[in-house]
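Heads up: the structure comes next, in structure tokens.
Read-outs throughout are calculated quantities, based only on the coordinates presented, and are distinct from any laboratory measurement. Every value quoted in this text rests on a predicted model; they were computed, and no experiment measured them. Here the Cβ positions follow ideal geometry from the backbone for every residue, glycine too, while neighbour counts run over all protein chains shown.
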Amino acid sequence: MRAVVFERNDLNDLRLVELSRPKLGPHEVLIKVVESGVNPVDYYTVTSIRVKPIPHIPGAEFAGIIEEVGEHVTGFEPGDGVVVYGRVFDGTCDLCLASMEHLCRNGGIVGVVTNGGWAEYAVIPDRNLIKLPSDVNWDVAASLPVAALTSYHALRRAGLRPGETLVVFGASGNTGQFAVQLGKLMGARVIAVSGKGWVSELGADYVASLGNVREVVEKATGGRMADVVVDPLGERTWEASTSVLGRGGRWVTFGQLTGGEVKLRISQVYSSEAAIIGSTGGTRRELLELVNMMSRLKVKVDRYFNLNEARDALMRLFSSERNGRIMIKI
């Protein structure tokens, strides 16, 4: 099978090679990968994260069609479309037993602590699979395990309620696209912060720029400001995103794309009883919920790449010209 591999943390070390098709364990499934989303975690996996095994196949977010099942696998059969829950978990630690597999004390991320999906085939434990509907949209399916799940879990962590005002920074990005759509599905009024006008097509009630977001939020809420703010961007948007948070509001993050060092005025937190919430990944149950609502979700794709263009795909991820998701078609 063809696979993208690297041995040292360097984009220039990525190469397409021929490997033997992996063998199955009794509770494993062989997936023919159809499509993979490209995310910052993939870039950092290749450039800076210590991974295993070596040589290593990256790719944390993917979906495909079952080719073969292990002898003890039930509930799945060849031909089924599936999405891969992208967390390695032991199922026995206290967090796993509390249905928080994404925080497993002995776990990690598929594509980091195991080989990932940038290959024609991938072997995955059956407990990491969720069956897809027959009329699957592969752009959406391949975006569920990271882009959609990260946003969905964050909104649930923030306790977003119907009728509340949600402000999404980075609304045209991987996770931002889904934060906007899921916020609407959860009954919120959504203000998308982006330089891309097309985010209104995702259902945003208002589209603001970084320069006028406070004015837009103030006008839209009659001065009450936001109930929930999603900001995965970090340093560059910190001042703006915290400035639009209302009394009793919840500010949630799962990223630091523009830097991770910010200044916090403690009085701003306690005087308004604001909550600052960290979030990462999501649970298997939440991924199942996303699969059940995927017919109401869509993806704006900037460009599709092939396996032999993996390096270009990662470079495009941080390009100022990018206008939507980067996807790899296998």
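Please work out whether region 67-219 counts as rounded, prolate or oblate from its C-alpha gyration tensor, where a ≥ b ≥ c are the square roots of the eigenvalues and a/c under 1.5 means rounded, while otherwise a/b larger than b/c means prolate and anything else oblate? Prolate, since a/c reaches 1.5 and a/b exceeds b/c.
Taking every DSSP bridge with both residues inside the chain, close to 55 percent are antiparallel.
Region 168-189 and region 1-79 have Cα centres spaced 29 Å apart.
Ser151 sits among other residues whose Cβ lies under 11 Å from its own Cβ, and their net charge, with Lys and Arg +1 and Asp and Glu -1, is +1.
With the gyration tensor restricted to C-alpha atoms of region 1-55, the semi-axes of the equivalent ellipsoid amount to 22, 14, 12 Å, longest first. Shape descriptor for region 25-152: Rg over Rh equals 0.95 (Cα atoms; Rh from the Kirkwood inverse mean 1/r). Of Lys52/Lys263; Lys52/Lys131; Lys23/Lys298, which ones are farther than 30 Å apart at the Cα? Beyond 30 Å: Lys52/Lys263; Lys23/Lys298. Listing Leu202, Leu11 from fewest to most neighbouring C-beta atoms within 10 Å gives Leu11, Leu202.
Check Arg15: other-chain or 5+ apart residues with amide H under 5 Å from its amide H, H built from backbone geometry? Under 5 Å from the amide H of Arg15 lie the amide H atoms of Val5, each far enough along the sequence or on another chain. Remark on Ile330: its backbone amide H falls under 5 Å from those of Glu35, Ser36, a criterion applied only to residues 5 or more positions apart or on other chains, H modelled at 1.01 Å from N. Tell me, what is the percent relative contact order of the chain, built from C-alpha pairs under 8 Å that lie six or more residues apart? For the chain, the relative contact order is 18 percent.
When the chain is described by a simple charge dipole with +1 on each Lys and Arg Cβ and -1 on each Asp and Glu Cβ, the residue from Val51, Gly195, Leu97 located farthest towards its positive end is Gly195. Just the Cα atoms of region 85-129, one point each, no solvent: what log10 I(q)/I(0) does Debye give at q = 0.22, 0.24 Å⁻¹? Computed log10 I(q)/I(0) values: -0.71, -0.81. For region 251-256, the Karplus equation 6.51 cos²θ - 1.76 cosθ + 1.60, evaluated at θ = phi - 60°, returns couplings of 9, 10, 9, 9, x, 8 Hz by residue, with Gly and Pro reported as x.
Over region 159-278, what relative contact order in percent results from Cα pairs under 8 Å that are six or more residues apart? Walk me through the numbers on the way to the answer.
Working: 252 pairs, mean separation 25.5, N = 120.
Reported as a whole number, the value is 21 percent.
Rounded to the nearest 10 degrees, what's the angle between the helix 284-293 long axis and the longest principal axis of the chain, both from Cα atoms, 0 to 90? Its long axis makes an angle of about 80 degrees.
Scalar couplings 3J(HN,Hα) for region 179-185, obtained by applying the Karplus form with A = 6.51, B = -1.76, C = 1.60 to θ = phi - 60°, are 4, 5, 5, 5, x, 5, 5 Hz; x denotes Gly and Pro. Eigen-decomposition of the gyration tensor built on the alpha-carbon atoms of region 238-330 gives equivalent ellipsoid semi-axes of 33, 20, 12 angstrom, largest listed first.
Translational diffusion coefficient of the chain (Stokes-Einstein, Kirkwood radius from Cα pairs, 25 °C, 0.890 mPa s): 121 µm²/s.
Under 17 Å of direct C-alpha separation, and excluding same-chain neighbours fewer than eight residues apart, Lys219 reaches no lysines at all. Dimensions of region 270-317 based on its C-alpha atoms, expressed as ranges along the principal axes with the largest first, amount to 52, 29, 20 Å. Along region 115-126 the Karplus relation, 6.51 cos²θ - 1.76 cosθ + 1.60 evaluated at θ = phi - 60°, assigns HN-Hα couplings of 5, x, x, 8, 7, 5, 9, 9, 9, 9, x, 4 Hz to successive residues, with x for each Gly and Pro.
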